[in-house]
Amino acid sequence: MSVARPKIEIENLSLDFAADGGSPISVLHEIDLSVSEGEFICIVGPSGCGKSTLLNIACGFLEPTHGQVRIDGVPVERPDRRRVFIFQNTAVFPWLSVEQNIGFGLRSSTADENAATVQRYIEMIGLAGFEKAYPRELSGGMNQRVEIARALASNPDVLFMDEPLGALDYLTRLKMRADLIEIWRQERKTILFVTHDVDESVQLADRIVVMSKRPASVKAVIPVDLPRPRSLDDPEYLRIRDEIFHLMGIDHFGRNEDAPSDSRARPSAE
Amino acid sequence: MRRVRKFLLGLAGIGLFVLCWQLATWGNGRTDVPGPWLALSGLRDLAREGLLWRYIIASVFRVMWGFALAVLAGVPLGLAIGWSGWVRDLLNPLVQLLRPISPIAWLPIAVLMFGGVRWWEPSDLSAIFLIFLASIFPIITAATSAVEGIDAKYLRVATNFEIGGMAMLFQVILPAALPQILTGLRLALGIAWVVLVAAEMLGVQSGLGFQINDSRNNLRYDLVVAAMIVISIIGICLDSAMARIESSALSRRGTAKR
Ligand SMILES: Nc1ncnc2c1ncn2[C@@H]1O[C@H](COP(=O)(O)OP(=O)(O)O)[C@@H](O)[C@H]1O
Ligand SMILES: [Mg+2]
């Protein structure tokens with residue numbers, strides 16, 4: 001796509017977890033992926049296939065067994081504040097208020113500068129008035145916003161998001177997706193976004209990485225060349241969605257395509 | 001409604017016990033197991049004498065010192081054992097070895113250790129030492145398991161923002177472990193209070209444990225039971241004070257887990 005060097009290069013990446021007693025469990029198998037600057041990548045795959053594991057390695061929390069991840073050409077060896085991880089079910093600190101949470105990663109020389117940054121992001125995520133509130137006093141969606149703001153406030157260039165909207169109710173999720181796209185437009189971060197929600201991936205991504213069952217490898221990378229916001233009944237949108245369902249081995253009705261069944265309607269993909 | 005019922009039921013339980021106590025001790029004098037009325041009049045005698053308040057202060061003073069020293073030593077030790085692999089390997093076997101020894105078993109050693117001390121009343125020091133021993137192990141254990149139980153994602157957030165060392169300790173580890181540490185402290189204070197009485201039964205010349213021993217030597221069993229009642233009440237006061245500290249420290253944040 002772009003001529004410049006890719007922002008993130010995942011090269012021949014494999015990971016085996018040591019199993020107690022038995023032979024090691026292979027979780028990731030020879031994964032290759034390259035992501036350009038400012039790209040929004042969604043990673044979908046069956047649950048338990050290794051999506052979180054992949055993201056954890058890319059962020060430097062885990063070491064791979066083989067291969068490497070390079071960011072700006074430099075191998076990732078440890079976590080770095082220039083790329084921030086956003087956790088499934090939020091990891092806001094329950095002992096800090098909203099503004100303290102958002103200010104947690106800040107390193108400006110003056111307190112005034114920090115406070116201004118915090119205020120800017122509180123407004124961006126629509127939590128003005130909740131500066132002094134504690135996570136326990138907020139809803140799940142609000143806490144997820146706080147975590148996103150905490151990540152953005154330290155101005156990273158990469159965001160790793162591990163099913164950040166997975167625990168939210170349907171309507172909150174829709175709203176958060178739209179807001180996320182808006183934020184991404186303004187801030188131009190490179191985003192690796194894991195989800196198990198195929199619709200979510202088609203709505204958000206520039207490209208969708210479909211992973212196989214464990215040991216996970218990249219099954220397909222599907223570009224989504226649709227203008228945002230994406231209409232849920234656009235034929236191209238539906239085609240891409242069905243293609244992903246098909247790749248994941250599930251038909252329109254949520255049935256398993258591998259399972260023997262006589263009344264099975266195969267989607268007419270390909 | 002619910003609370004009234006709870007209160008009345010609790011009262012009924014105590015009332016039932018007092019009734020059985022009264023029936024079982026019917027007609028007993030001061031040199032037998034005293035009944036509730038005798039115990040109450042003993043309590044009145046104790047309060048009149050004026051010694052009671054001095055003894056309460058002496059006992060609470062010893063517990064506070066022993067407990068405070070145990071907190072100062074036990075929390076950092078427990079955090080270190082929970083956090084660092086080599087500190088755990090170094091100290092955990094020792095802690096496990098010392099933990100099963102009842103603090104009371106240390107009494108002769110404590111008397112030897114502090115017997116020659118000039119700058120303070122030696123018997124006071126040995127009682128404080130026993131309290132210290134009684135509370136430090138539950139504190140270490142609570143702090144250790146609090147650190148081990150910290151959700152890894154909080155630590156990851158901290159390393160993600162490149163926070164380490166002392167900042168990590170004070171901004172993440174300590175606050176994350178705080179609820180469990182406070183629960184452990186409350187438990188340890190309860191144990192300390194229980195052990196105090198035994199610690200005061202030998203060597204010291206004041207305190208509620210001494211009162212019990214002294215009254216027994218004078219064959220005033222009504223005063224023995226009266227002192228037992230005082231011990232119970234002070235114990236409840238200490239526990240609710242700890243509970244207040246606990247809930248005010250955690251008031252807004254709720255539990256660490258979501
Ligand atoms: N620390 C670990 N030790 C052993 N196995 C693990 C560990 N962490 C995850 N796994 C296994 O690796 C697989 C992938 O996990 P994960 O990356 O969380 O999947 P996903 O995010 O796609 O649902 C799972 O089958 C899980 O059981
Ligand atoms: Mg996961």
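Taking amide hydrogens as modeled 1.01 Å from N in the peptide plane, which residues meet the under 5 Å criterion relative to A:F40, leaving out close sequence neighbours?
It is A:I191, A:D206, A:R207, by chain and number.
Between B:V71, B:V87, B:S145, whose Cα lies farthest towards the positive end of the dipole of region B:10-168 when Lys and Arg beta carbons carry +1 and Asp and Glu beta carbons carry -1, centred on the Cα centre?
Value: B:V71.
Most mobile of B:G115, B:G149, B:G27 per a Gaussian network model of chain B (Cα springs, under 10 Å)?
Maximum fluctuation in the GNM of chain B, among the listed residues, is at B:G27.
Counting only residues 5 or more places away or on other chains, whose amide H sits under 5 Å from the amide H of A:T65 once H atoms are built in the peptide plane?
A:S14, A:L15, A:D16
Would you kindly derive the ³J(HN,Hα) couplings of region A:191-207 from the backbone phi angles with the Karplus curve 6.51 cos²θ - 1.76 cosθ + 1.60 (θ = phi - 60°), listing them in order in whole Hz, with x for Gly and Pro?
Listing the rounded values in order: 10, 10, 10, 8, 8, 9, 9, 4, 4, 4, 5, 5, 6, 9, 7, 6, 9 Hz.
Using the Karplus equation 6.51 cos²θ - 1.76 cosθ + 1.60 (θ = phi - 60°), what ³J(HN,Hα) coupling, rounded to whole Hz, does each residue of region B:64-72 give in order, writing x for Gly and Pro?
4, 5, x, 5, 4, 5, 5, 5, 4
Could you name every residue in region A:100-137 that has 30 Å² or more less accessible surface in the full protein assembly than in its own chain alone (probe 1.4 Å, ligands and nucleic acids excluded)?
Correct list: A:F104, A:R107, A:Y134, A:R136, A:E137.
Any chance you could give the angle, 0 to 90 degrees and rounded to 10, that helix A:140-153 forms with the longest Cα principal axis of chain A?
With both axes taken from Cα atoms, the answer is about 70 degrees.
Which of the aspartates and glutamates could be linked to A:K7 by a straight reach, that is with a Cα gap under 13 Å, when you skip same-chain ones fewer than 8 residues away?
A:E37, A:E39, A:D72, A:D157
If you roll a 1.4 Å probe over the heavy atoms of the protein chains, what accessible area per residue do you get for chain A, in Å²?
Computed with neighbouring chains in place, this is 46 Å² per residue.
Roughly how many nanometres apart are two label points built 7 Å out from the Cα toward the Cβ at A:D32 and B:L219?
9.9
Please list 3J(HN,Hα) in residue order for region B:235-247, calculated via the Karplus relation 6.51 cos²θ - 1.76 cosθ + 1.60 where θ = phi - 60°; whole Hz, with x for glycine and proline.
Running phi through 6.51 cos²θ - 1.76 cosθ + 1.60 with θ = phi - 60° gives x, 5, 4, 4, 5, 6, 5, 4, 5, 5, 4, 4, 6 Hz.
Send over the per residue convex hull volume for region B:37-257, Cα only, as a whole number of Å³.
In region B:37-257, the Cα convex hull volume per residue is 147 Å³.
Note down, for the protein assembly as shown, the three equivalent ellipsoid semi-axes (square root of 5 times each alpha carbon gyration tensor eigenvalue), biggest first, whole angstrom.
63, 26, 23
Have a look at B:G15, B:F61, A:P64 and report the one farthest towards the positive end of the charge dipole of the protein assembly as shown, computed about the Cα centre with Cβ charges (Lys/Arg +1, Asp/Glu -1).
Looking along the dipole axis, the top candidate is B:G15.
Given R₀ = 25 Å, FRET efficiency for B:E162-A:A115 by Cβ-Cβ distance, to 0.05?
Calculated transfer efficiency: 0.75.
Which of rounded, prolate, oblate describes region B:1-82, given a ≥ b ≥ c as roots of the alpha-carbon gyration tensor eigenvalues and a/c under 1.5 marking rounded, otherwise prolate only if a/b is larger than b/c?
Judged from the Cα gyration tensor, region B:1-82 comes out oblate (a/c at least 1.5, b/c at or above a/b).
Between B:S240 and A:R185, how many nm apart are label points set 7 Å from Cα along the C-beta direction?
It is 6.0 nm.
Give me, ordered by chain and number, the residues 5 or more places off A:A220 or on other chains with an amide H under 5 Å from its own placed amide H.
It is A:V210, by chain and number.
Ignoring everything except DSSP H segments at least 4 long, calculate the 222 nm mean residue ellipticity for chain B; use -39,500 (n - 2.57) per segment, divide by total residues, nearest 500.
Mean residue ellipticity at 222 nm (helix-derived): -26000 deg cm²/dmol.
Angle check, please: helix A:111-124 long axis (alpha carbons) against the longest principal axis of chain A (alpha carbons), in degrees 0 to 90, nearest 10.
40
With each label point set 7 Å from Cα along the Cα-Cβ vector, what nm distance links B:Q22 and B:L90?
In this crude spin-label approximation the distance works out to 6.2 nm.
What FRET efficiency would be calculated for the residue pair B:I57, B:R252, taking the C-beta separation as r and a Förster radius of 30 Å, to the nearest 0.05?
0.30
Check the straight Cα-Cα distances from B:K153 and name the lysines below 20 Å, setting aside those fewer than 8 residues away within the same chain.
Cα-Cα hits under 20 Å: A:K51, B:K257.
Suppose R0 equals 51 Å. What FRET efficiency, 1/(1 + (r/R0)^6) with r the Cβ-Cβ distance, do A:A220 and B:F7 give to the nearest 0.05?
The calculated FRET efficiency here is 0.15.
To the nearest hundred square angstrom, how large is the accessible surface buried between B and A, total for both chains, probe 1.4 angstrom?
2300
Which percent of the accessible heavy-atom area of the protein assembly as shown goes to carbon and sulfur, probe 1.4 angstrom?
60
Can you tell me the equivalent ellipsoid semi-axes for region B:124-196? Use √(5λ) from the Cα gyration tensor, largest first, whole Å.
Here the semi-axes work out to 32, 12, 7 Å.
When Lys and Arg each count +1 and Asp and Glu each count -1, what net charge do the other residues less than 12 Å away from A:R5, Cβ to Cβ, add up to?
-1
The values are calculated or read from the model by the stated rules, or taken from the named source; none is laboratory data. Just so we're clear, the structure is a prediction, and the values are computed from it rather than from any experiment. A quick note on method: Cβ atoms are made from the backbone with ideal geometry, for glycine too, and the neighbour counts reach across all protein chains shown. Ligands, DNA and RNA are excluded from the accessible area calculation, which covers all protein heavy atoms including side chains. Shrake-Rupley method; radii C 1.70, N 1.55, O 1.52, S 1.80 Å.
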